[in-house]
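Bear in mind that the values in this text are calculations on the coordinates, not laboratory data. Since this is a predicted model, take the numbers as computed values, not measurements. Quick reminder, even Gly has a Cβ in these numbers, built from the backbone with ideal geometry, and neighbours come from all protein chains shown.
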Amino acid sequence: MIPSRLRIVLVSPRNPLNIGAAARAMSNFGFFDLHLVNAYDVAFREARSAVNAAAVLQNAREHSSLASALDGCSLVVGTTAAAHRQLQHPLRRLEAGGRLLRAHLASAPAALLFGSEKFGLGNDDMSYCHWLLRIPSRPEHPSMNLGQAVAVSLYELIRQSRAPQPETRRPAPAEDLDRLSALLEQALLASGYAHANSTPAKIRRLIRRLNPGLHDAEVLQGMLRQILWKLSGS
């Protein structure tokens, strides 16, 4: 595993103490790539003074959209307490998910998403994920503090020192999957296809379940562009 390949993404964080705690946990375990999506501005300004996490916070990048924060990542994993929600993604416990994430980081970049303190990740946020990760906790109290969740997840990633074998297939980055999703949506609309499963979020989830490699994603984009060109009557 190469820690520099992991991007920690906080979606809509509001509490400076939580942002600071997440940054400190990253520094504790050797992860330094922090991205914030639609962070509450006052909270982020106050969090920059967090003890022993100055370097992580100073280099953190802010984004107005989740898609922007995921550019270049070929695996996107969301975290959830999975309480009282009907999930549309594979859900893995931290132990099993950590092994998969470590294996991916041996050869390609990935993003680990954490939702807001109050609501967690929304359904639209999750539609950008390949699968979801759950920290095992008792059913009566399933959710964890944001900073603690980041710390527990990162500890699990570094806990095993045995290096996994890198993947031979080059995975498609997030921006290629977004382009593929958009082209598929355009093709469905142009063909007159109407179905409850053709909403943008559901199409994004479908593409990530299929998990095409870089080459396959490029081939599929070419196919869809040709279909759109024919449907346009050119």
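In table form, for the structure just shown:
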{"read-out": "Label point distance in nm, Q148-F119, each placed 7 Å from Cα along Cα→Cβ", "value": "2.4 nm"}
{"read-out": "Dipole of the chain, positive end: most advanced residue of P136, A21, A174 [Cβ charges, Cα centre]", "value": "P136"}
{"read-out": "Inter-label distance, nm, simple model (7 Å from Cα along the C-beta direction), Q88/L189", "value": "1.7 nm"}
{"read-out": "Computed [θ] at 222 nm, helices only, for the chain once each DSSP H run of length n ≥ 4 contributes -39500 (n - 2.57)", "value": "-13500 deg cm²/dmol"}
{"read-out": "FRET efficiency for N28 and D216, using Cβ-Cβ distance with R0 set to 35 Å, rounded to 0.05", "value": "0.40"}
{"read-out": "Within-12-Å neighbourhood charge of G97 [Cβ basis; K, R +1; D, E -1]", "value": "+3"}
{"read-out": "For F32, net neighbour charge (Lys/Arg +1, Asp/Glu -1) across residues whose Cβ lies under 14 Å away", "value": "+3"}
{"read-out": "Proximal charge balance of S127 [Cβ under 10 Å; K/R count +1, D/E count -1]", "value": "+2"}
{"read-out": "Over the range 174-231, relative contact order from alpha-carbon pairs under 8 Å, at least 6 apart, %", "value": "52 percent"}
{"read-out": "Order by protection proxy (mean Cβ within 10 Å, highest first), peptides 200-212, 103-115", "value": "103-115, 200-212"}
{"read-out": "Relative contact order of the chain, pairs being alpha-carbon contacts under 8 Å that are 6 or more residues apart, as %", "value": "23 percent"}
